[in-house]
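Okay, so here's the structure we're looking at.
The values are calculated or read from the model by the stated rules, or taken from the named source; none is laboratory data. In this text the structure is predicted, and so the values were computed from the model without any measurement. Glycine gets a Cβ as well: all are built from the backbone with ideal geometry, and neighbour counts include every protein chain shown. Side chains are part of the model used for accessible areas, which takes the heavy atoms of the whole protein and leaves out ligands, DNA and RNA. Shrake-Rupley method; radii C 1.70, N 1.55, O 1.52, S 1.80 Å.
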Amino acid sequence: MKKLESFPYNHVLVLGLAKSGTAAAHLLLDSGVTVRINDKNAVESSEEIQQLKEKGADIITGGHPLSVLDDIDLLVKNPGIPYENPVVEESVKRKLPVVTEVELAGHLHNGPLIAVTGSNGKTTTTTLIHEMIKADHQPVSIAGNIGKVSCEVARSTTDEETMVVELSSFQLLGTENFRPDISVLLNLYEAHLDYHGTLENYHEAKVKIMENQTEADTLVFNADDEKINAYTSRTKAKLVAFSTKQQVEGAWSDGEWVYFYDETIMKVREIVLVGEQNLQNILAAIAAVKVNGVSNKAIQKVLRTFSGVEHRLQFVTEKNGRSFYNDSKATNILATSYALRSFKQPVILLAGGLDRGTTFESLIPYLGSVKGMVLFGETADLLEETGRQAGIDKIIKVNGMHEAVEKANEMSQQGDVILLSPACASWDQYRTFEERGNMFIDAVHKLN
């Protein structure tokens, strides 16, 4: 297992454990760094805490006293901890660097590094890149916001191994010297304003992915996104575009074929993944892996077989002539609009969830193919009103996912698509969007 070499900090505070904090703490301790850990809710008697203590960590639980910063020269914080946290605020006042574990991964990994961010499509694009490189029989690993902690994965990568990392705005905000060889910027929309405060702050966090890139590096960017285009002048990296609307210097599609510059890759109809959003993700992935030297044969193999990431416009099954799709990760209107644009068949839409004070009028232009709605959660009434405005007559409100699937099945006919794409977060009824999606899949498989 690799350790941090030539690391410029000697006394580090890890704020918040969970997966990322725990991985960072173990890496720092194994690298000979003096580590203090502050986690308000950690249980002192837990096996995790005991292991860290045995390695020499100083651990403070039960609160966030500012004294935890005494003699500290770096703060590594859990990405989810807001900057309004008193320890973080005091660190900024003291001009201490505040980073996330991604910064440590950047210090540790010496091989090619591909980093992916954007408001939507990160996980699918990251997974596609990983699968394409793997299909080309090149050494590759995957990490980041996709579920595997970056600095933990980086401990076992080789210098010849490409690491593909999915990064959120929370993670990127906590980077200083992080520099990918290839960065991928998919899109910029309104999101996470409760964390970042303003849309500008959110976008600035995202574009940090290209901040430290040099002329030797590459930025893969969405040429169809005006906001991204406005930021590209700020990087020194070589620009490689992708587009579903125009021919570009990079990856593009005319709706029938997919190309990389003037090179024909494959026919769109051969691709298993459906939808414009997924075509954008595919083009971004193609651009990244072509820069990384992956063969067309490997790209084609993946795109002819890859049916999607769980809970992201995932094809579940066809039953009694109905096609079922799980898009539980669609936690905002934009994601649901992309899902709806993916189908020409009549759709029964399952939607609803946490009420964040959002109205749904902007969804109306995309409801043309929707013949029925099954609604649940705190936003059921708001979505019903939106459906009525769109001229949808068949609308039912239900209490749970199994009832929703049963009612949708009764409402549907052969040839219809039954789509879970909630347009809302899941936390009013479920712990996670994964739990919501798994309940949908379970209910679908239990249908007669």
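Here are the numbers for the structure shown:
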item	result
Label point distance in nm, residue 254-residue 358, each placed 7 Å from Cα along Cα→Cβ	3.7
Helix axis angle, 276-291 relative to the chain longest principal axis, alpha carbon, degrees	40
Percent accessible area from carbon and sulfur atoms, the range 1-102, protein chains only, probe 1.4 Å	49
Å² per residue, accessible surface of the chain at 1.4 Å	42
Selection from 275, 49, 60 lying farthest towards where the dipole of the chain points positive, charges on Cβ	275
Listed residue (337, 110, 132) projecting farthest to the positive dipole end of the chain, Cβ model	132
Distance (nanometres) between label positions extended 7 Å along Cα→Cβ at residue 270 and residue 83	4.7
The range 79-138: trypsin sites (Lys or Arg not before Pro) in DSSP coil with no more than 13 other Cβ atoms inside 10 Å	94, 95
Global geometry of the range 253-305, whether rounded, prolate or oblate, following the gyration tensor of its Cα atoms and the 1.5 cut on a/c	rounded
Karplus-derived 3J(HN,Hα), 6.51/-1.76/1.60, for each residue of the range 43-57, Hz, glycine and proline x	9, 4, 7, 5, 4, 4, 5, 5, 4, 5, 5, 4, 7, x, 6
Size of electric dipole in the range 342-406: Cβ of Lys, Arg +1 and of Asp, Glu -1, about Cα centre, debye, nearest 20	300
Of all accessible heavy-atom area on the range 293-448, the percent that carbon and sulfur account for (1.4 Å)	45
Residues of type lysines that residue 446 reaches as a straight line, Cα spacing below 28 Å, ignoring anything fewer than 8 places off in the same chain	319, 329, 344, 371, 394, 397, 407
Difference of contour (0.36 nm per residue) and Cα-Cα distance, residue 192 to residue 159	8.4 nm
Value of relative contact order over the range 151-293, rounded to a whole percent, pairs C-alpha under 8 Å and six or more apart	17
Estimated dipole of the range 316-448 in Debye, rounded to 20 [Cβ of Lys and Arg +1, of Asp and Glu -1, Cα centre]	360
Accessible carbon and sulfur surface of the range 174-266 relative to its total accessible area, %, 1.4 Å	43
Magnitude of the charge dipole, the chain, Cβ model with Lys/Arg +1 and Asp/Glu -1, debye to 20	780
Overall dimensions of the range 60-137 by Cα: Rg and Dmax, Å	17.5, 52
